[in-house]
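Here the structure comes first, spelled out in structure tokens, and everything after it is commentary.
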Amino acid sequence: QVQLVESGGGLVQAGGSLRLSCAASGSIFRINAMGWYRQAPGKQRELVATIASGGSTNYADSVKGRFTISRDNAKNTVYLQMNSLKPEDTAVYYCNVWVGLVDYWGQGTQVTVAS
């Protein structure tokens, strides 16, 4: 089994920054893609950013140029640096990690951006 522990959410003013972290532990033999998704109240969960094992990244258009995803393979950790935050970025953010052919989800961390 794989456990994911997220941290770094909170309340920030518009224009501010936050950094999310998600550390994987447990029965890990190979981590493939890692990513972040978010879900705002009344909306479906949506992709924010992903990073492949080789380092290639993919971003939602709404966060391009403001958010940066990165990973530390030695620590089995994925990060999301969020800059120039907007009120519409308010959501619960979930990390997603593929271990082999199985994906796992974090418990979610709340990000609230005040206008």
Exercise. For segment 73-102, which residues satisfy the criterion of being in a strand (DSSP E or B), at pLDDT 95 or above and open to solvent by less than 50 Å² (accessible area, probe 1.4 Å)?
Worked result: T77, V78, Y79, L80, M82, A91, V92, Y93, Y94, C95, N96, V97
Problem set entry | Exclusive hit being in a loop (DSSP other than H, G, I, E, B), β-branched (V, I, T) and under 15 Å from the mean Cα position of the chain (by Cα), set V48, V63 | V63
For this session: Would you mention how many residues in segment 12-27 are open to solvent by 50 Å² or more (accessible area, probe 1.4 Å), touching a strand residue (DSSP E or B) at 6+ places or on another chain (Cβ under 8 Å) and either outside any strand (DSSP E or B) or within 16 Å of S84 (Cβ to Cβ) (or both)?
Result: 5
Problem set entry | Filter result for A33 (surrounded by 12 or more Cβ atoms within 10 Å (Cβ to Cβ), in contact with a Gly (Cβ under 9 Å, 6 or more places away or on another chain) and not in a loop (DSSP other than H, G, I, E, B)) | no
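The values are calculated or read from the model by the stated rules, or taken from the named source; none is laboratory data. No experiment lies behind these values; they were computed from the predicted model shown. FYI the Cβ positions are ideal-geometry reconstructions off the backbone, even for glycines, and counts take in every protein chain you see. Just so you know, the surface numbers come from the protein's heavy atoms only, side chains and all, with ligands and any DNA or RNA stripped out. Shrake-Rupley method; radii C 1.70, N 1.55, O 1.52, S 1.80 Å.
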